[in-house]
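First comes the structure, then the notes that go with it.
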Amino acid sequence: MADTYLDLVNTPLPARIAKALGLPRPSVLRRYSPAEALAPQPVLVAGAGAGADALADVLLGWDVEVRRHVLPGEKLSAAVVVLDRSASPEELAAPMLELGQAVRLLVPGGRVVGLFRSSAETTDPAEAAARQGIDGAIRSVARELRNGATANGIILRGDATTTDPTTLGTLRFLLSGRSAYVDGQFIEVTATPAENLADLAASSGATGEGMPDKPLAGKTAVVTGAARGIGAKIAEVLARDGARVVAVDVPAAGEQLARVANTVHGTALQLDITAPDAADRILEHVRQRYGALDIVVHNAGITRDKLLANMDASRWDSVIAVNIASQLRMNEQILASPVFSATGRIISLASTSGIAGNRGQSNYAASKAGVIGMVRAQAAAFDGGGRTINAVAPGFIETDMTAKIPPLTRQVARRLSSLQQGGLPVDVAETIAFLASDEAAGINGQVVRVCGQNLVGA
């Protein structure tokens, strides 16, 4: 559903009225397009040390104009603050205060990205305090930004460096329009596994900004629940990035599913994912047509909302069966199959309801929290190998489902986010496409919220 208020306040007279009345003034977000420059204006790389120096050199290689200090009055596309050597909270003052100057100079749709090490990997209290302090500061900056700007963080774990392929891929995602509705999030990265280095080299047909033209070229992806809404957009974005897509949905959605499959030049497979043989049918379909399966996107999901006091077994059981039990069963069969790639990716749709809960959605929240638990447990089994599993948790996304929310409640839900608006299905799809790419090889067991830093909505 279109956000007519957003459209209205981005015209001159209503914008002036909204400003005079102190009303929210959401900006049109900067979203990805092939012609988009990663950073049309200079990028500040703040922070001292070898990690910051090396990262600045890489950005120069992407044809990005780099500044190591703020120049008065000069507009910036982004500010990257590198704090990988912080050993005490007192050391945060200089780089954070410089970041404060930089955010004043950000262009609309600008980006702030912090890079630092995990507080969980040190036993030194002062060092842990500094690292966790960065987390709090960047989250707060995200809430202070306006004009469609976002602030996120990259947490380096283990041997990961500021110039590891996964770190750079994550930075590029966060700087780009692909992350338009990702705000106040922290993505943990480890060093890129050796199993994935060959895939990275194979997809290195990069543009001047280091971005592969078709990052998913040669890969086969299965998307469940692909007939409409977020699932259809995921299929579209994966195909745009070069993947061969198998669109899966129930027979009742066969006509819509065929349209999606035709649009992305993929194939359609009608089946019920709760059926015991669902995974076997998917694997056989992929084996016959493409040989190998590289990407699985568990998108299919349903809601059967009711207060728990009024919940019946049918509503509870159906949501659990579709949203989590089917994924557990399918993953077991897919992981046991030689058709699934040794560097395969599994991405599951969670929800902010599974993190914060939501009135009337105890069954849905249980299923989506279950997805998060499943991802974290499976990720531990993948550690050190070439496969990854991650989850994406959408917040308020403009879909047919959120269009059914009463108008006033819908307006409130939109304006509560740091970006003062709901996200679009493409915002979820872009994040999934990134996690499916070779550049995300060192990201495993993460839950990335696509919610504009808001936990309202399913």
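The values are calculated or read from the model by the stated rules, or taken from the named source; none is laboratory data. Not measured: the values here are computed from a predicted model. Don't worry about glycine lacking a Cβ; one is built from the backbone with ideal geometry, like all the others, and counts go over all protein chains shown. Remember, those area values only see protein heavy atoms, side chains included, never the ligands or the DNA or RNA. Shrake-Rupley method; radii C 1.70, N 1.55, O 1.52, S 1.80 Å.
Odds and ends about this structure:
- Net charge of the neighbourhood of residue 319, taken over other residues with C-beta under 12 Å away and scored Lys/Arg +1, Asp/Glu -1, is +1.
- Per-residue ellipticity at 222 nm, computed for the chain from helices alone with -39500 (n - 2.57) per DSSP H run of at least four residues, works out to -12000 deg cm²/dmol.
- Built amide H within the under 5 Å cut-off of residue 449, gap 5+: 393
- Solvent-accessible surface of protein heavy atoms, probed at 1.4 angstrom with all chains present, puts 233, 404, 19 in the order 404, 19, 233, largest first.
- Cα centroid separation, the range 25-64 to the range 226-290 (Å): 35
- About the Cα centre, charge dipole magnitude for the chain (Lys/Arg +1, Asp/Glu -1 at Cβ), debye: 1480
- Projecting the Cα atoms of 295, 357, 339 onto the charge dipole of the range 258-386, computed from C-beta unit charges around the Cα centre, puts 357 farthest toward the positive end.
- Over the chain, relative contact order from alpha-carbon pairs under 8 Å, at least 6 apart, %: 15
- Length added when fully stretched, residue 325-residue 36, from 0.36 nm per residue minus Cα-Cα: 100.0 nm
- In order through the range 340-346: 3J(HN,Hα) via Karplus (6.51 cos²θ - 1.76 cosθ + 1.60), integer Hz, x for Gly, Pro: 7, 4, 5, 10, x, 10, 10
- Taking all protein chains into account, the per residue accessible area for the chain stands at 40 Å² (1.4 Å probe).
- In Å², nearest 10: area of residue 91 left accessible to a 1.4 Å probe: 90
- If R0 is 35 Å, the Cβ-Cβ spacing of residue 311 and residue 104 corresponds to a FRET efficiency of close to 0.10.
- Amide hydrogen proximity for residue 67: with H placed 1.01 Å from N in the peptide plane, the residues at 5 or more positions away or on another chain lying under 5 Å are 43, 44, 45.
- Summary value for the range 75-145: 41 percent relative contact order, contacts being C-alpha pairs under 8 angstrom separated by 6+ residues.
- Interchain or long-range residues, amide H under 5 Å from residue 186's placed H: 153
- Cα extents of the range 1-127 along the three principal axes, largest first (Å): 53, 35, 33
- The residues packed around residue 51, meaning those with a beta-carbon under 12 Å from its beta-carbon, carry a net charge of -2 if Lys and Arg are +1 and Asp and Glu are -1.
- Centre separation in Å (Cα based) which lies between the range 68-110 and the range 335-396: 34
- Of the accessible area of the range 315-440, computed with a 1.4 Å probe over protein heavy atoms only, carbon and sulfur atoms account for 60 percent.
- Residue 359 sits among other residues whose Cβ lies under 11 Å from its own Cβ, and their net charge, with Lys and Arg +1 and Asp and Glu -1, is 0.
- In sequence order, calculated HN-Hα J values of the range 360-365 (Karplus, 6.51, -1.76, 1.60; Hz; x Gly/Pro): x, 10, 4, 5, 5, 5
- Ordering 352, 263 by accessible surface, largest first, gives 263, 352; the 1.4 Å probe counts only protein heavy atoms, with every chain in place.
- Table column - 3J(HN,Hα) (Hz), the range 414-429, Karplus curve with 6.51, -1.76, 1.60, x for Gly and Pro: 4, 7, 6, 6, 4, 9, 6, 6, x, x, 10, x, 5, 5, 5, 5
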